[in-house]
Each structure stands twice: as C-alpha cells, then as structure tokens.
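Trainee: The structure under discussion is supplied below as structure tokens; questions concerning it will follow.
Just so it is clear, none of the values below were taken in a lab; they were calculated from the coordinates. Everything numeric in this text was worked out from a predicted model, so none of it was measured. Please note: Cβ atoms are built from the backbone with ideal geometry, for glycine as well, and neighbour counts cover all protein chains shown.
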Amino acid sequence: MTKVLVTGSTGFVGSALLAELQKLPDFRVVCAVRSAVSPASDDVVSVGDIDGATDYSSAITDVNVLVHSAARAHIMNDEVADPLAEYRKVNVVGSENLARQAAAAGVKRFIYISSVKVSGESTSGKDPYTESMTAAPEDAYGQSKTEAEEALKKIAEETGMELVIIRPPLVYGPGVKANFLSLLKLSKLSVPLPFGLVNNQRSMIYRENLVDFIIQCIDHPNAANQTFLISDGHDLSLSHLIRTIRKAMNKPAWLLPVPVWLFKLAGKITGKTAMVDRLVGDLQVDSSKAQRLLEWKPPYTVEEGIKATVVDFNNRKY
C-alpha cells in the first residue's frame, strides 16, 4: 500500500483529490491541514500556517508520495503592500521547507501542483506552450510558482527524491469560484451577451481530469522528474464556452456579434487591458507529452465537465 500525504486537502483541487484517493484500496491518505476542524487523527494532521518554519514531522512519517497542492492562491487585485513577498513566503519558502523535510524523511516522490502562469499569460500569435519553453511569468503569483519549481528541482537533484511538476491552466468544476463563477452567473442571465465574435482559443482542465492525472503521476515510472502541461485536450473560444454553458443551462446561446477590437479599445480606455486580454486572447497548452509518456487521456470531455459544473452551480442557487 502506498502512503500519500496531501497538502491543501481542503482546497478546490485538493479536496477532490482526497475524495478520489480514499476510494482506491491501494492508497492510504494523510492530510496536512492548517488547523483541524475536529481533533486531529492519524490521517488528519494540523501543521499550522505554511512558511519556512512549518513542522511536518508528525504528518510525513512513512510517507511514500507527497502531493503538494497547498499554496497562496492567485488574487486578481491583491491589496497587500508587497504581493510577491507574500507569495514567496508560502509558495517558495514554504514549498522548499516541505520538500527538504520530505527528502529527509525518505519520501520517494514529490508531486508539485504549479500553474500555467509559469509559462506565461498569453499565446496570442504564438504556438501553444510546451514544457521545453523558457519560463516567462508576468505577475507575482507566476513568479513565485517559477521560483518554487526551481527550488524544488535543486532539492530533488541534491537528494535523489523524484519530482513531478504539473502546470494546469484554468481549473473548473463543481464549486468553482473566481472568473469562471462570474462567467456562470453572467451566462445565467436572460440577456444577450456581446461575445459572438470572440473566437480565441483557451485551454482549460476539468477538476476531475486533473485529479485523474495527479493519481496517474503517483506511481507511474515515466512521470519521475518530469514537468507536465495538461488540459482537457479540447480548447474553447469564449463564444463556444458560453454556448456550451448555456446549453447545459437549457438556455439559448443569445450572443451578439460585437467586434473584438471594441473590447480591446474599452480595455485601453478603462485601464483594464490585462483583463480584456484574458477575456479575448489565446492561452493554449500542448499536453501531448502527458499523452506520450504516460499514455494519459482525460476521462471526461469538456461538455461533461461543464455539465457537471452547471448542475452544481444550479443546485447552489447563486
């Protein structure tokens, strides 16, 4: 039996990973949490805040594989004085501290959930991102994830602990928040939306597909010391995405043919160019490496993922 330690097990991805691993008889799962809601057990260990001083000794005993999904999440309008310093505290120093303790405790494989933001913010006019491309983060969050990857690679080289880095693009699924939740709320409105001519291409990944890939990486020999960009394998334009969402909501698409240049002009006038670029620009990843090395195929289609997300959204009655 493989003993797996999961950090971030109360988060959007970590909670789904935990639920799936607990169904599988070949794994025993331990969770490192900031603070246990009920008294800690052997399988739920409270470690406090994540930084360079966090003590994982009570959680890491006899662990074979560690999945590190805990992080200071990306915040669009971060109001702290020095966002990069705050991201580094958790995402870089905290990850490095955990990895060193893991290696010292004999953990065989460390799986790090990174971000496509290490690769960059846009592929408009360019080829999809691949793992061999030079990192090009454009914000503090992406920079912290890049630095974390480099620190973890150094530790892996020094100690012989296997490292797997996974860079997902936007992750959606039941309970999704942030921009995707805003899009769901917008799509629910019985009004026309001005995105009929937005034919960009964006890679995304359904949370259950990401969980499936993480589990594949736990014991697949070809995953050792590799970095993977993954997606659902079917990129969508904004207009196609809204059509798919509204179809799942049993609503007509109702999209107006507003030229994309008008969105870009509005972005310049309002000082929100970056936000508009994320809306109408391209961000694609090439996930063929995962398919080639691990023979991995997403178990769910985009349509199935969006349908499940919409069903959950409707049940929550936003």
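Trainee: Taking the Cα-to-Cβ direction at K126 and at R34 and moving 7 Å from each Cα, how far apart do the two end points lie in nm?
Mentor: 3.3 nm
Trainee: Output the 0 to 90 degree angle, nearest 10, between the alpha-carbon long axis of helix 12-21 and the longest principal axis computed from the alpha carbons of the chain.
Mentor: Taking the Cα atoms of the chain, the angle to 12-21 is about 60 degrees.
Trainee: Helix 207-219: angle to the longest alpha-carbon principal axis of the chain, degrees 0 to 90, nearest 10?
Mentor: On a 0 to 90 degree scale, this one is about 30.
Trainee: Next question, about the same structure. When the Karplus curve 6.51 cos²θ - 1.76 cosθ + 1.60 is applied with θ = phi - 60°, which whole-Hz ³J(HN,Hα) does each residue of segment 151-166 get, with x for Gly and Pro?
Mentor: In residue order, the calculated couplings are 5, 5, 4, 5, 5, 4, 5, 6, 10, x, 5, 6, 10, 10, 10, 10 Hz.
Trainee: Just to be sure I understand: if I project the alpha-carbon convex hull of the chain onto a plane and average over all orientations, what area do I get in nm²? Mind dumping the intermediate values first?
Mentor: Values: hull surface 67.5 nm².
That works out to 16.9 nm², a quarter of the Cα hull's surface.
Trainee: What are the ³J(HN,Hα) couplings of segment 246-256, residue after residue, when phi is run through the Karplus curve with 6.51, -1.76, 1.60 and θ = phi - 60°? Round to Hz, x for glycine and proline.
Mentor: Going residue by residue, I get 5, 5, 5, 8, 6, 10, x, 4, 6, 10, 8 Hz, with x marking Gly and Pro.
Trainee: Using only Cα atoms, locate the centre of segment 106-122 and the centre of segment 221-276, then give the distance between them in Å, rounded to an integer.
Mentor: Result: 23 Å between the Cα centres.
Trainee: Within straight cross-link reach of K89, meaning Cα distance under 17 Å, which lysines are found once same-chain residues fewer than 8 apart are removed?
Mentor: Cα-Cα hits under 17 Å: K145.
Trainee: Under a point-charge model restricted to the Cβ atoms of Lys and Arg (+1) and Asp and Glu (-1), what is the dipole moment magnitude of segment 1-129 relative to its Cα centre, in debye to the nearest 20? Present the calculation step by step, with values, prior to reporting the outcome.
Mentor: Details: 12 positive and 15 negative charges, 74 e Å.
For segment 1-129, the charge dipole is close to 360 debye.
Trainee: Under a GNM of the chain (C-alpha, springs under 10 Å), which listed residue has the highest mean-square fluctuation: P25, P252, P128?
Mentor: Evaluated over the chain, the most mobile residue of the options is P25.
Trainee: Moving to a separate point now. Using helices alone, what [θ] at 222 nm do you get for the chain, with -39,500 (n - 2.57) per DSSP H run of 4 or more residues, divided over all residues and rounded to the nearest 500?
Mentor: Values: 12 runs with 125 residues, N = 318.
About -11500 deg cm²/dmol.
Trainee: Please list the non-local residues whose amide H lies under 5 Å from the amide H of I111, H modeled 1.01 Å from N, same-chain partners needing a gap of 5 or more.
Mentor: Sorted by chain and number, the residues that satisfy this are L66, V67, H68, V164.
Trainee: Between their Cα atoms, which of K153/K297; K154/K272; K126/K307 are more than 28 Å away from each other? Mind dumping the intermediate values first?
Mentor: Values: K153/K297 26 Å; K154/K272 38 Å; K126/K307 31 Å.
Pairs exceeding the cut-off: K154/K272; K126/K307.
Trainee: Continuing with the same structure: For a quick check of your reading of the filter: which trypsin sites (Lys or Arg not before Pro) in segment 114-191 sit in a DSSP loop and have no more than 12 other Cβ atoms within 10 Å?
Mentor: Details: sites: K117, K126, K145, K153, K154, K177, K185, K188; in loops: K126, K177.
Those satisfying the criteria are K126, K177.
Trainee: Size of the dipole of the chain about the Cα centre, Lys and Arg at +1 and Asp and Glu at -1 on the beta carbon, nothing else charged, in debye to 20?
Mentor: Dipole size: approximately 1300 debye.
Trainee: Can you give me the long-range amide H partners of V44? Hydrogens built in the peptide plane at 1.01 Å from N, cutoff under 5 Å, separation of 5 or more residues or another chain.
Mentor: HN-HN under 5 Å from V44: C31.
Trainee: Also: Among the aspartates and glutamates, which have Cα under 14 Å from the Cα of K3 when same-chain residues fewer than 8 positions away are ignored?
Mentor: D26, D42, D43, D62, D219
Trainee: Okay, next question. Would you calculate the separation in nanometres between label points at A81 and L181, each defined as 7 Å from the Cα along the Cα-to-beta-carbon direction?
Mentor: Going from the A81 label point to the L181 one covers 3.0 nm.
Trainee: Using θ = phi - 60° and the Karplus curve 6.51 cos²θ - 1.76 cosθ + 1.60, what whole-Hz ³J(HN,Hα) does each residue of segment 229-244 get, with Gly and Pro shown as x?
Mentor: Residue by residue, segment 229-244 yields 9, 9, 7, 5, x, 9, 6, 10, 7, 4, 5, 5, 4, 5, 4, 5 Hz.
Trainee: Out of V176, V258, V44, any idea which swings most in a Gaussian network model of the chain, alpha carbons joined below 10 Å?
Mentor: V258
Trainee: Taking H as built 1.01 Å from N, whose amide H comes closer than 5 Å to the amide H of L283, not counting residues under 5 places away?
Mentor: Counting only residues 5 or more places away or on other chains, the set is T123, Q201, R202, S203.
Trainee: Mind checking which of S187, S239, S35 has the largest fluctuation in a GNM of the chain, springs on alpha carbons under 10 Å?
Mentor: Fluctuation is largest for S35.
Trainee: Any idea which of L210, S288, V276 is furthest toward the positive side of the dipole for segment 201-318, if Lys and Arg beta-carbons carry +1 and Asp and Glu beta-carbons -1?
Mentor: The residue sitting farthest along the positive end of the dipole is V276.
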